Each structure stands twice: as C-alpha cells, then as structure tokens.
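Computed from the coordinates by the stated procedures, all read-outs in this text should not be read as laboratory data. Bear in mind the structure is a predicted one, so any value in this text is a computation, not a measurement. A quick note on method: Cβ atoms are made from the backbone with ideal geometry, for glycine too, and the neighbour counts reach across all protein chains shown.
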Amino acid sequence: MTKKQKKTLFRIIISAALFFGGLLLPLKEIFSLCLFIAAYLIIGYDILIKSVKGIISLQPFDENFLMAVATLGAFALGEYHEGVAVMLLYQIGELFQSYAIGKSRKSISSLMDIRTDFARIEQEGDYKLVSPEEVAVGQIITVFAGEKIPLDGVIISGSADIDSSALTGESAPQPMSENDNVFGGSVNLNGVIKIKTTAAFGDSAVSKILSLVESAASKKSKSENFISRFSRIYTPVVCFCALFIGGVLPLLFALFTKSAPNFAPFVYRALTFLVISCPCAFVISIPLSFFAGIGGAGKAGILIKGANHLEALSKVKHIVFDKTGTVTKGVFKVVGVHHSPLDEAELLNLAALAESGSNHPIATCIKEAAEAHLDTSRVSEIKELGGLGISCIIDGENVLVGNTKLMNEKGISFCECRHFGTTVHVAKSGEYLGHILIRDTVKKEAQKAVLSLKKLGVKTTAMLTGDSETAAKDIADALGFDKACYSLLPHNKVAAVEEMLTEIPKNEKLAFVGDGINDAPVLTRADVGIAMGALGSDAAIEAADIVLMDDNLLKLSKAIRISKKCMGIVMQNTWFAIIIKFLFLILSALGYSNMWFAVFADVGVMILAVLNAIRALRVSSREN
C-alpha cells in the first residue's frame with residue numbers, strides 16, 4: 001500500500017468513527033451535526049477542492065463536481081448522515097480502485113526489473129561498477145552468479161545457466177558458454193562469465209522492451225476512446241437532467257395539480273440522480289481492463305504495444321504465417337544431391353564456393369555440408385540475386401546457384417525435384433549440373449498451434465514461402481494450413497497479404513506472423529503484425545504490433561486468448577454499468593430510489609467492475 005493510500009485509509013477510519021458517533025451516540029442534535037460536519041470535511045475535503053478547481057478552469061463536469069453537489073445538497077436538505085455516508089463510501093470505492101490500479105501497474109512495472117543499475121568492467125586488476133549507459137560497444141563486462149546481465153553481448157569466457165524468463169516468459173534456464181549470445185535483462189544463475197558487448201544500452205533488447213512497455217498504455221483502443229467521448233457528453237447531460245428534475249419538475253407538478261410547488265422531494269431526487277450518474281465504472285474499469293490485459297500478457301513473454309493492438313488481436317479471424325523461422329526452425333540440412341554428372345562432394349563444393357559470401361541459412365547449411373576446405377580465391381564477381389540465388393565466377397566460368405525461377409530466367413533446362421524440401425539448382429557456363437535437396441525442420445508444436453487457432457475461431461490459416469509448390473503444399477497439408485502461397489519473392493509477400501485483406505469482411509482482422517528479421521514490410525501491412533522469437537531483432541520490435549519473445553508457436557493462441565478474455569471483460573463492464581446506471585437513474589427520477597441505492601449504483605458498480613477488470617491480470621493454465 002502506498003503512502004497516499006495509507007493516508008486515505010486513515011481518513012476513512014477517522015471519518016467513519018465520527019460518522020457512527022453522530023449516528024449512534026445519544027447526543028444533542030447540534031453535537032451530532034458537528035460530528036457529521038467534521039466527518040464530511042475529513043473525508044471529502046479533497047473532492048471539494050477538485051470540484052472548485054474544475055469550476056475555475058471551466059471544466060466542472062466530472063465525478064468530483066457531481067459528488068460535491070449531491071452531498072452538499074443532502075446537507076442543505078437536512079440529510080446529514082446520508083451526505084457523509086455517500087462521501088465516505090465513495091472514498092472507500094476510490095481507495096479500492098487505487099489499490100486495483102496499483103496491482104495492475106505493478107504487473108507491468110515488474111517488467112522494468114529486467115534493467116540492472118550497473119555493469120562491472122575490469123580496470124587495473126580490479127572491478128569498477130559503472131552505469132550500463134557508459135559501456136561502449138566491444139567493451140568487456142563481467143557478470144557474477146545471481147546478477148542480471150546489463151547489456152547484449154557474446155560470452156568470451158566462462159559458462160553459466162542463463163534465465164531469460166523476464167524476456168521470454170519461459171522459466172527453463174539455458175546453459176550458455178563461449179561464443180553464445182546473451183541478452184540484457186537475463187539472469188546469470190551460476191558461474192562467472194565475461195561478455196563482450198555487441199550493442200550500446202540504448203540499442204539493446206532490454207532498452208527497446210522497456211520503451212515498448214512504457215509507451216503501451218498511451219495507445220488507446222477504440223473502446224477507450226468511445227468511453228472518453230461518451231463521458232464528455234454524458235456528464236453534462238445528466239447535470240442538466242438533474243437540474244430539470246429538481247427545478248422544473250416541481251413547477252410542472254404544481255401546475256398540473258394546481259398546488260404550491262414543493263421543491264424538497266424533487267431536489268432530493270435530483271441529488272440522488274447526480275450520485276447515480278457518476279461515470280466512474282466507465283472511466284476507470286475500461287482502461288484498467290486493458291492495462292491489466294497488457295500486464296498479464298507481459299508476464300507470459302508477450303509484449304503488446306498498446307490497447308488498440310490488444311483489441312484488434314481479439315478480432316483476428318485470418319492468420320498468415322511466414323514459413324522459414326516461424327513455422328519451421330530455420331535450421332537447414334542437406335539431405336541429397338540429384339541428377340548430377342559430378343561427384344556429390346564436387347557439386348557441394350562448387351555450390352559452397354558460390355555461397356561463400358552469404359550468411360543466409362541455406363548458404364550456411366551448404367557450406368557445412370561441403371567437407372573440403374573452401375579456397376575462396378577461386379571465386380570472384382559474386383552477385384546476390386534477390387529472391388533467386390547467386391551468380392558468380394569460379395575458375396573463370398560463370399556459376400549459377402539458386403531456385404527454379406533463376407534457371408527459368410537464365411534459360412537453363414533443369415530437372416524438377418519430386419522430393420519434399422527446398423531445391424537448390426546448380427549450373428555452370430549454361431550447363432545444368434544437378435540440384436541439392438535441403439530440408440528445414442518443422443517445429444514440433446506447429447500442428448498443435450494451428451489446431452488451437454482453429455478452436456479459437458480463426459477461419460483461415462495461410463503460409464507464405466519462396467519454396468516450390470510441392471514443398472509448400474507438403475508442409476501446409478501436414479500442418480493443417482488452409483492455404484499455401486509458394487514461389488514468392490520478398491515483395492510478393494506484401495502483395496499476397498494485400499490481396500487477402502481485400503477478400504475478408506471489414507469487421508474481421510488479418511494477422512501476419514513472422515520471425516521479425518526480414519518480414520518488416522509485411523508485419524507493417526497486416527492489421528496485426530506479430531513477430532515471433534524476436535528477442536534481439538530490431539526489425540521485429542520496430543515493425544510488429546505484438547512481440548512474442550520466444551519461438552514457441554503456441555504463444556500465439558495464448559495471446560489471442562488473453563485478448564479475447566480482456567475484451568470480454570471490457571464488454572461485461574460496459575453493459576453491466578450502463579444497465580445498472582440507467583435503471584437506477586429512472587428509479588431516482590421517479591422517486592423510487594434514495595441515496596443508499598445511489599451509493600450502490602455508483603460505488604458498488606465501480607467496485608464490481610474493477611474486481612472484474614483485474615481478472616485480466618491472471619493468465620490461467622488454459623491460456624498457457
């Protein structure tokens with residue numbers, strides 16, 4: 001409990017004691033009145049001050065103004081105990097609301113614990129603690145057991161188990177040793193490691209995550225914007241309605257009955273009307289629901305950049321996946337060489353020489369499969385042909401290594417591969433030399449993930465890939481995708497997503513899921529861009545709306561469940577508050593409600609709505 005909350009609780013206790021003293025003790029009326037006035041001022045002075053400030057700033061129509069007018073009006077009518085009781089219960093509701101918001105904020109603030117306040121550098125045989133911002137790229141830092149890693153880097157000495165749960169949501173520690181990449185915000189569970197930093201603090205994964213979390217609350221959803229607009233119209237309207245009930249209705253009633261106007265009962269109705277009309281349940285519980293949902297998702301390693309994206313995710317009915325690195329592990333392996341007049345090792349060596357200047361996963365696996373030492377002095381004029389392959393000169397002859405499109409473009413006759421996998425064709429001086437068959441490993445949870453999305457109401461699942469039709473359809477059929485788009489160049493993926501967007505109803509959303517490294521254009525174009533396994537990927541954190549911090553495809557269905565749960569709570573709170581409010585507003589206007597009913601309609605509804613909202617903080621085992 002914060003200092004401010006403790007102060008409010010103390011005021012509530014003192015005011016309640018004075019209130020019950022004036023209500024229950026056998027005192028003269030004047031003494032009871034003094035106790036009620038003291039209780040009212042102790043518990044309500046801040047509300048009165050805020051309402052006066054609102055009037056001075058020409059923005060009077062808020063809950064403080066409504067509570068001040070209603071309770072002071074009750075005093076004016078001689079209903080002292082009701083005036084105090086309403087203010088007392090209102091402050092109890094405000095305290096409860098403050099505690100709930102604090103609990104929700106704490107769930108997001110816990111993410112801020114991934115930042116450490118120091119980095120340890122070695123100077124003249126001793127260690128010096130400095131701010132992480134002061135550490136330059138390439139500098140060596142030392143991290144002891146039990147400490148957080150302050151910056152991204154590569155281990156150059158030592159080994160340890162690293163806990164990255166604050167970043168990924170996965171609790172299982174990973175053993176790390178020399179040449180392994182580590183990220184700031186992870187915890188060194190054991191051992192002493194020396195790390196060569198690879199990014200300044202401002203460019204590190206932890207810094208980007210902190211920035212993302214801090215800005216998430218500022219991006220409002222359509223529901224929040226509606227409530228804000230609704231409140232700005234609603235509050236003045238109910239104030240004028242109350243004025244009509246208290247000032248005009250008694251005159252109309254007197255005119256109709258041909259009697260003297262009796263204002264007192266109608267003014268009491270108007271004051272009750274004002275207490276009921278307070279829009280606290282709307283104004284507080286809706287943003288709190290989104291805030292709690294973002295916090296609950298953050299605990300699970302799902303970073304959502306704003307309430308608007310959380311709301312959009314709940315409406316996703318069509319999901320498009322990139323293949324490599326998303327549906328598959330992106331770990332390629334050569335499984336065969338076909339239709340080649342050359343020895344297998346000779347063809348692999350030729351292809352590896354052509355790919356010697358590339359870091360693409362396919363190039364890497366070909367180089368690993370070529371057992372012979374690569375004499376790169378034999379290679380020159382290497383040209384990477386986007387979405388096609390490689391062109392180069394080896395031993396003075398032109399060599400092409402790439403896909404079917406490259407062979408067609410260069411007019412080279414080739415043999416189609418009938419086996420499942422990625423085909424890399426090789427040609428030299430216009431002569432076809434065969435192809436290399438490569439397979440990427442499908443993630444073990446991929447099929448289960450697609451099935452779980454279907455159960456959540458996703459209508460269409462599609463996969464985009466640059467692979468051949470055979471390879472794409474084999475994977476799509478095995479995993480249960482509804483559609484596979486194949487032989488796509490990078491810019492074709494954007495066009496494919498744009499085409500799908502034109503085919504879906506306006507009230508449904510399309511999400512694109514990619515590994516975040518080279519999918520930035522498509523992530524941006526989709527209604528919801530989701531980057532998977534994006535820890536350390538600048539492109540993902542910048543372009544995606546939602547970032548899943550590890551490679552587990554099941555996190556996607558978890559994220560959708562969280563969004564649906566959050567939006568369900570928002571709708572429950574909205575309709576519950578509207579129905580109860582308007583029911584009691586009608587009753588009070590007709591004279592069938594008193595201040596006690598008004599307190600339930602205001603404070604009671606707010607407390608119930610807030611209790612419902614903080615359920616979004618909890619990520620159940622079903623959502624895991």
Exercise for the section: May I ask which of Lys148/Lys448; Lys367/Lys454; Lys50/Lys565; Lys4/Lys53; Lys506/Lys565; Lys194/Lys448 have a Cα-Cα span longer than 30 Å here? Expected result: Lys148/Lys448; Lys367/Lys454; Lys50/Lys565; Lys194/Lys448
Problem - Label-point separation, Ile56 to Lys317 (7 Å along Cα→Cβ), nm - result: 5.4
Fill in the blank from the handout: Hydrophobic long helices for the chain, i.e. whole DSSP H runs reaching 18 angstrom or more by Cα along the axis with Kyte-Doolittle mean at least 0.5, come out as 3-24, 29-56, 63-76, 263-277, 280-299, 554-589
Problem - Flagged links, alpha-carbon separation over 28 Å, of Lys317/Lys473; Lys405/Lys555; Lys329/Lys558 - result: Lys405/Lys555
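Please compute the Kirkwood hydrodynamic radius over the chain, one decimal place, Å, based on all pairs of different Cα atoms. All intermediate terms of the calculation are to be shown ahead of the outcome.
Details: mean 1/r = 0.0344 Å⁻¹.
Hydrodynamic radius (Kirkwood, Cα only) of the chain equals 29.1 Å.
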Exercise for the section: Starting from the Cα-Cα distance between Leu554 and His373, subtract it from 0.36 nm times their residue separation and give me the gain in nm to one decimal. Expected result: 61.0 nm
Exercise for the section: Add +1 for every Lys or Arg and -1 for every Asp or Glu among the other residues with Cβ under 11 Å from the Cβ of Gly54, and state the total. Expected result: 0
Exercise for the section: Report the GluC sites (Glu not before Pro) located in the stretch 263-372 that are in a DSSP loop and have at most 14 other Cβ atoms inside 10 Å of their Cβ, or state none. Expected result: Glu371
Exercise for the section: For the stretch 253-355, run through the trypsin sites (Lys or Arg not before Pro) and keep only the ones in DSSP coil with at most 14 other Cβ atoms within 10 Å of their Cβ. Expected result: Lys258
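From the Cα gyration tensor of the stretch 334-481, with a ≥ b ≥ c the square roots of its eigenvalues, which class applies: rounded if a/c is under 1.5, or else prolate if a/b is larger than b/c, or else oblate? Numbers along the way, then the final one.
Numbers: a/c = 2.38, a/b = 2.14, b/c = 1.11.
Judged from the Cα gyration tensor, the stretch 334-481 comes out prolate (a/c at least 1.5, a/b above b/c).
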Fill in the blank from the handout: Taking max minus min of the Cα coordinates of the stretch 383-432 on each principal axis, largest first, gives extents in Å of 34, 22, 17
Exercise for the section: Would you mind telling me the antiparallel percentage of the DSSP bridges in the chain, rounded to 5? Expected result: 75
Completion exercise
Across all Cα atoms of the stretch 346-411, Rg and the largest Cα-Cα distance (Dmax), in Å, are 11.1, 32
Practice task
Write down the Kirkwood hydrodynamic radius of the stretch 237-379, to one decimal in angstroms, obtained as one divided by the mean of 1/r over all alpha carbon pairs.
Solution key: 23.3
Problem - Rotationally averaged projected area of the stretch 23-67 (alpha carbon convex hull; nm²) - result: 3.7
